[in-house]
Amino acid sequence: DDNVDIVLASMVGFAGLRPTISAIKAGKMIALANKETLVVGGEVVMRLAEQYRAPILPIDSEHSAIFQCLTGECSPVRRLIITCSGGSLRDLPIEALKDVTPEQALKHPQWTMGAKITIDSSTLVNKGFEVIEAAWLFGLNADKISVIQHPQSIVHSMVEFEDGAIKAQ
């Protein structure tokens, strides 16, 4: 539709891949809130976005925070830092993880979310997805992206620059 300027891609799972690619091919700006699109198709999506000059604007909290920290910056990036609450299992010793029940994993200490994202949070699978997403969005290798536990969940992400300065959002 010629009247559409921005397409919000926020469907759950990799179901967002096909409509996001269609919107990119139509030259639309993508407001991306669906990490799975880049997890399963990052190389294709980013190549097409460049080819069709379709900007991708990250609007999910961690990646939006990184985007905001980078806006207007010319300094080289040393690393991106994504925070995590640690989920429901964050205080368990590693030897106790083998006995965790689904009910324990579903009791997030801070957020009320759906079952899948709660389990992905408690196992840190969600952060793995976010590292992959950040690598594609910001053109960095995964070894330049750190994840730190931040149970207070005040800071979503940070950018560390080569001069040692850190911006947080």
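The values are calculated or read from the model by the stated rules, or taken from the named source; none is laboratory data. Quick caveat, the model's predicted, so the values are computed rather than measured. We place every Cβ from the backbone using ideal geometry, glycine too, and count neighbours over all the protein chains shown. All accessible areas refer to the heavy atoms of the entire protein, side chains included, with ligands and DNA or RNA removed. Shrake-Rupley method; radii C 1.70, N 1.55, O 1.52, S 1.80 Å.
Based on what the data block shows, is Glu130 more than 27 Å from Val45 (Cβ to Cβ) and either surrounded by 12 or more Cβ atoms within 10 Å (Cβ to Cβ) or not aliphatic (A, V, I, L, M) (or both)?
For Glu130, the condition - more than 27 Å from Val45 (Cβ to Cβ) and either surrounded by 12 or more Cβ atoms within 10 Å (Cβ to Cβ) or not aliphatic (A, V, I, L, M) (or both) - is not met.
Before we move on, is Thr112 open to solvent by 80 Å² or more (accessible area, probe 1.4 Å), farther than 30 Å from Arg47 by Cα and not charged (D, E, K, R)?
Taking the combined requirement at face value, the residue satisfies it.
Examine region 33-48 for a residue that is small (Gly, Ala, Ser) and more than 17 Å from the chain's Cα centre (by Cα), and state whether such a residue exists.
no
Considering only helices (runs of 4 or more DSSP H) fully contained in region 89-169, which possess at least 2 residues that are more than 17 Å from the chain's Cα centre (by Cα), farther than 25 Å from Ile56 by Cβ and modelled with pLDDT under 95? Quick ask: steps written out before the conclusion?
Details: elements: 102-105, 115-122, 125-138.
Ranges flagged: 102-105.
I'd like the residue in region 83-109 that is basic (Lys, Arg) and open to solvent by 70 Å² or more (accessible area, probe 1.4 Å) and, out of all such residues, is nearest to Ser64 (Cα to Cα).
Lys107
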